[in-house]
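> The structure follows.
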Amino acid sequence: MLEPGIKAPTFSLPDQNGNIRTLEEFKGKKVILYFYPKDNTPGCTKQACGFGELLPQFTEKGAVIIGVSKDSVASHKKFEEKFSLPFTLLSDTELACIKAYDVWQEKKNYGKVSMGVVRTTYLIDEEGIIQKVFKKVKAADNPSQMLSEI
């Protein structure tokens with residue numbers, strides 16, 4: 001995992017609408033950058049809907065929410081529409097951002113070992129510096145946890 005105090009790695013990825021988004025465009029705002037394994041799975045849905053419900057409070061505090069997974073733009077669009085998600089979802093099919101933020105790791109599930117995205121949330125300040133790192137977060141609790149952190 002990356003450590004607090006360092007400059008957050010930049011990215012240039014398509015969002016759920018196919019528009020290229022970069023970290024630089026959010027300069028001047030706090031960024032909640034969360035990495036999740038897969039669209040439309042129970043934990044990921046709880047996490048995304050939680051962020052969606054709390055978005056007005058994040059906005060009041062000058063923060064934006066950005067979700068990142070290796071799902072396609074089309075998958076993100078369906079996920080956004082199905083749950084009325086009001087924030088940016090980035091598609092990282094090449095794993096460039098996922099690996100830059102060190103969340104592509106070995107996972108064990110019922111004794112089976114595989115590589116995948118470890119659910120992780122980064123709090124990045126207005127200048128693009130990582131302030132806090134939350135590793136292996138609980139999907140349902142992460143949105144309210146992040147709101148209390150900012």
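Residue-by-condition table, conditions (1) touching a Gly at 6+ places or on another chain (Cβ under 9 Å); (2) buried (at least 19 other Cβ atoms within 10 Å of the Cβ):
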position: E60; (1), (2): no, no
position: D71; (1), (2): no, yes
position: M115; (1), (2): no, no
position: I129; (1), (2): yes, no
position: K138; (1), (2): yes, no
position: N142; (1), (2): yes, yes
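> Would you check which residues across region 93-127 are modelled with pLDDT of 90 or more and among the hydrophobic types (A, V, I, L, M, F, W, C) and list them?
Within region 93-127, L95, A96, C97, I98, A100, V103, W104, M115, V117, V118, L123, I124 qualify.
> Looking at D102, D125 in this structure, which one is over 11 Å from the mean Cα position of the chain (by Cα), farther than 16 Å from Y36 by Cβ and not hydrophobic (A, V, I, L, M, F, W, C)? Let's see the steps before the verdict.
On the way: D102 fails: farther than 16 Å from Y36 by Cβ.
Going through D102, D125 in turn, just one is over 11 Å from the mean Cα position of the chain (by Cα), farther than 16 Å from Y36 by Cβ and not hydrophobic (A, V, I, L, M, F, W, C): D125.
> Further question on the same structure: Hey, among the residues in region 86-115 that are in a loop (DSSP other than H, G, I, E, B) and in contact (Cβ under 8 Å) with a residue 60 or more places away in the chain, which one's farthest from L54 (Cα to Cα)? Talk me through it step by step, then tell me what you get.
Pass one, region 86-115, residues in a loop (DSSP other than H, G, I, E, B): 86-87, 92-95, 101-103, 110-111.
Cutting the leftovers down to in contact (Cβ under 8 Å) with a residue 60 or more places away in the chain gives us 92, 101-103.
Values: D92: 25, Y101: 24, D102: 27, V103: 24 Å.
Step by step, filter region 86-115, then rank; the result is D102.
> Pull up region 116-138, narrow it to residues that are among the charged types (D, E, K, R) and in a strand (DSSP E or B), then point me to the one that is nearest to F11 (Cα to Cα).
Of the residues in region 116-138, the ones among the charged types (D, E, K, R) are 119, 125-127, 132, 135-136, 138.
Going one step further and asking which of them are in a strand (DSSP E or B), we end up with 132, 135.
Numbers: K132: 18, K135: 20 Å.
Step by step, filter region 116-138, then rank; the result is K132.
> Could you please tell me which pairs satisfy a Cβ distance under 7 Å, a separation of 6+ or placement on different chains, a first residue in region 1-13 that is surrounded by 12 or more Cβ atoms within 10 Å (Cβ to Cβ), and a second residue that is in a loop (DSSP other than H, G, I, E, B) and small (G, A, S)?
Close Cβ pairs (under 7 Å, with a partner that is in a loop (DSSP other than H, G, I, E, B) and small (G, A, S)) amount to K7/G128; A8/G128.
> Here is a further query. Can you tell me which residue in region 89-113 is nearest to D71 (Cα to Cα), limited to those that are among the β-branched types (V, I, T) and buried (at least 21 other Cβ atoms within 10 Å of the Cβ)?
Pass one, region 89-113, residues among the β-branched types (V, I, T): 93, 98, 103, 113.
Checking the rest, the ones that are also buried (at least 21 other Cβ atoms within 10 Å of the Cβ) come to 98, 103.
Numbers: I98: 12, V103: 15 Å.
The extreme case among them is I98.
> At least 3 residues that are modelled with pLDDT under 95 and under 15 Å from F134 (Cβ atoms) in each: list the strands (runs of 3 or more DSSP E) lying fully within region 1-81 that qualify. Before you say what the answer is, go through the steps one by one.
Details: elements: 12-14, 20-22, 30-35, 63-69.
Per the criteria, no element qualifies.
> A further question follows. For region 75-101, which positions are of a type outside the set (A, V, I, L, M, F, W, C) and touching a strand residue (DSSP E or B) at 6+ places or on another chain (Cβ under 8 Å)?
Passing the criteria: S75, H76, E80, T88, S91, D92, Y101.
The values are calculated or read from the model by the stated rules, or taken from the named source; none is laboratory data. Since the model is a prediction, treat every value here as computed from it, not as a measurement. In this analysis, Cβ positions are derived from the backbone assuming ideal geometry, glycine residues included, and neighbour counts consider all displayed protein chains.
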